[in-house]
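J.: What follows is a single structure, and I will ask about it in a moment.
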Amino acid sequence: MTDRFDWLELEKIKSNPPSGAYKPAQQPWDAASFYRAGCEMREHGYLHSAIPYFEKAVALSDQHYDAWLALIDALVHTGNLDIADMRSKEALDNYRLVRPFYAARALLLAHKGQFDEAFSLSNVSCSKEEPHWYAFCVRGEILLLKDVEQRLDAMIFFEASLECPGVDWQAYLMAGNALLEAHLPAMAAGMFAEAAHLNPRASACWLGLGDSFLALRLYDQAMFYYQRMTELQPKHEIAIERQKRCAPLGYGLMKVLVPRALQGRWKSKFGAILRKERLGR
């Protein structure tokens, strides 16, 4: 799986390195608490570290559907496609009536380049009778994986996910990550900003914003969001690593002393890039 920054003229950086440093707020003891602990880690940007907790939740309760979805999604987005293949097939074989599992399997197949089957399963999951935000987000991501020129169609599905019952900030986060992976950082930033507005304590939202502006080469703004992460978690390894990489790339961080001029520069350049992404390159 290629790193999201392979296409930048920068030294490759890991988008979400595994870390054993972060611990859940409370020691989990049952399926529900292991799932919550995994969600907490994912919320703070430690997706690799969340996987064992989702695995444990599923092991303790194989009918914990949310844990299944979270596990498969995390496996796919950390590049563990072989394990995700086995787990998504297992979930779908055991629970044929759970429509979001069709979406999880579709996501895995799309990341493996098997788009015909992915779209077929996605069609099943995008039910108008039982709409689920995750299924619509997956459909948008599949479209971007197949052809970035379908970004406007993908946005229709991302927006549809926001109208589903039970949707929350995670839909914005998932859409933002998909757009960023598709090399559409300005559009991604809009999604991450909405996610951060709904859940300002989620470090993953600020990480997405920082990575979006890093991809846009607006290094001062990227640094601002990475610093926001360390305000929430002073020892956040990913945020600290990103700040170290941004520091020598900035336009000159002393310009924060003139925030109005700096904000104007960001707004102007960001607006131009966003318009370019929406209209096509």
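J.: Among the residues of the range 20-46, write down those that are within 21 Å of H77 (Cα to Cα), of a type in the set (A, V, I, L, M, F, W, C) and without any contact (Cβ under 8 Å) to a residue 40 or more places away in the chain.
T.: Result: F34, A37, C39, M41.
J.: The conditions are (1) under 18 Å from V138 (Cβ atoms); (2) under 17 Å from the mean Cα position of the chain (by Cα), and E40 fails exactly one of them. Which is it?
T.: (1)
J.: Of all helices (runs of 4 or more DSSP H) completely enclosed by the range 66-183, which ones contain at least 2 residues that are open to solvent by less than 60 Å² (accessible area, probe 1.4 Å), under 25 Å from E40 (Cα atoms) and touching a residue at least 12 places away in the same chain (Cβ under 8 Å)?
T.: Once the helices (runs of 4 or more DSSP H) in the range 66-183 are filtered for at least 2 residues that are open to solvent by less than 60 Å² (accessible area, probe 1.4 Å), under 25 Å from E40 (Cα atoms) and touching a residue at least 12 places away in the same chain (Cβ under 8 Å), what remains is 81-94, 99-111, 133-146, 151-161, 169-181.
J.: Of the numbered conditions (1) of a type in the set (D, E, K, R); (2) within 20 Å of the chain's Cα centre (by Cα); (3) more than 28 Å from I238 (Cα to Cα), E90 fails exactly one; give the number of that condition.
T.: (2)
J.: Just one of (1) open to solvent by 10 Å² or more (accessible area, probe 1.4 Å); (2) modelled with pLDDT of 60 or more trips up L257, so point out which.
T.: (2)
J.: Conditions first: (1) under 24 Å from L109 (Cα atoms); (2) modelled with pLDDT under 95; (3) within 13 Å of the chain's Cα centre (by Cα). P17 passes all but one, so which condition is the exception?
T.: Going through (1) under 24 Å from L109 (Cα atoms); (2) modelled with pLDDT under 95; (3) within 13 Å of the chain's Cα centre (by Cα) one by one, P17 breaks only (3).
J.: If you go through the range 207-251, how many residues are open to solvent by less than 30 Å² (accessible area, probe 1.4 Å), over 23 Å from A178 (Cβ atoms) and among the small types (G, A, S)?
T.: Counting residues in the range 207-251 that are open to solvent by less than 30 Å² (accessible area, probe 1.4 Å), over 23 Å from A178 (Cβ atoms) and among the small types (G, A, S) gives 1.
J.: If you go through the range 207-243, how many residues are charged (D, E, K, R), over 22 Å from M174 (Cα atoms) and assigned to a helix (DSSP H, G or I)?
T.: Adding up the residues that qualify gives 3.
J.: Considering only the range 7-14, I want to know if a residue exists there that is open to solvent by less than 50 Å² (accessible area, probe 1.4 Å), of a type outside the set (D, E) and either closer than 15 Å to H77 by Cα or modelled with pLDDT of 55 or more (or both).
T.: No, the range 7-14 contains no residue that is open to solvent by less than 50 Å² (accessible area, probe 1.4 Å), of a type outside the set (D, E) and either closer than 15 Å to H77 by Cα or modelled with pLDDT of 55 or more (or both).
J.: If Y95 meets every condition in (1) farther than 19 Å from A182 by Cα; (2) touching a Cys at 6+ places or on another chain (Cβ under 6 Å) apart from one, which number is that one?
T.: That leaves (2) as the condition not met.
J.: Let me ask something else. Any residue that is in contact with a Leu (Cβ under 6 Å, 6 or more places away or on another chain) and within 25 Å of M229 (Cβ to Cβ) - is there at least one of those in the range 35-50?
T.: yes
The values are calculated or read from the model by the stated rules, or taken from the named source; none is laboratory data. Note that the structure is predicted; figures quoted are calculated from it, not measured. For neighbour counting, all protein chains shown are included, and Cβ atoms are generated from backbone atoms with ideal geometry for every residue, glycine included. With ligands, DNA and RNA removed, areas are computed over all heavy atoms of the protein, side chains included. Shrake-Rupley method; radii C 1.70, N 1.55, O 1.52, S 1.80 Å.
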